[in-house]
1. So residue 35 ticks every box in (1) in a loop (DSSP other than H, G, I, E, B); (2) more than 30 Å from residue 65 (Cβ to Cβ) but one. Which box is left unticked?
2. Filter the range 14-32 down to residues that are in a helix (DSSP H, G or I) and hydrophobic (A, V, I, L, M, F, W, C) and give me whichever is nearest to residue 52 (Cα to Cα).
3. From the set of residues in the range 59-71 that are modelled with pLDDT under 90 and not hydrophobic (A, V, I, L, M, F, W, C), which is surrounded by the fewest Cβ atoms within 10 Å (Cβ to Cβ)?
4. Name the residue, out of 56, 45, 13, 9, that is modelled with pLDDT under 85 and surrounded by 10 or more Cβ atoms within 10 Å (Cβ to Cβ).
5. List every residue pair whose Cβ atoms lie under 6 Å apart, where the two residues are 6 or more positions apart in sequence or sit on different chains, the first residue falls within the range 1-29 and is closer than 27 Å to residue 66 by Cβ, and the second residue, located anywhere, is exposed (fewer than 12 other Cβ atoms within 10 Å of the Cβ).
6. Of the residues that sit in the range 30-69 and are touching a residue at least 12 places away in the same chain (Cβ under 8 Å) and hydrophobic (A, V, I, L, M, F, W, C), which one is farthest from residue 7 (Cα to Cα)?
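The values are calculated or read from the model by the stated rules, or taken from the named source; none is laboratory data. Quick caveat, the model's predicted, so the values are computed rather than measured. A quick note on method: Cβ atoms are made from the backbone with ideal geometry, for glycine too, and the neighbour counts reach across all protein chains shown.
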Amino acid sequence: MELFKNEEAPTDARVVAEIFEKLIDMPAGNRPLRTIAGLDFGYQALNDATEPIRLAGLQGMGIGEWDGPKG
């Protein structure tokens, strides 16, 4: 609850709407699998670090192309 008392904490729903708008405007194949809305708490670093492992798992199962359209 202390976090939301912080005036710098993003609690406005527009934050999410703006992120959706940016994602929609990105070319297909460039959109990230995960997107953080609001405070990061270090999760982007976790997403970035595990992305190669996720992709390797798909490729190892022979379904790397299922990761969505490229380009």
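1. Status for residue 35: all satisfied but (2).
2. The qualifying residue nearest to residue 52 (Cα to Cα) is 23.
3. Looking at the filtered set, the residue picked out is 71.
4. Being modelled with pLDDT under 85 and surrounded by 10 or more Cβ atoms within 10 Å (Cβ to Cβ) holds for just one of 56, 45, 13, 9, which is 9.
5. 28/69; 29/69; 29/70; 29/71
6. Step by step, filter the range 30-69, then rank; the result is 55.
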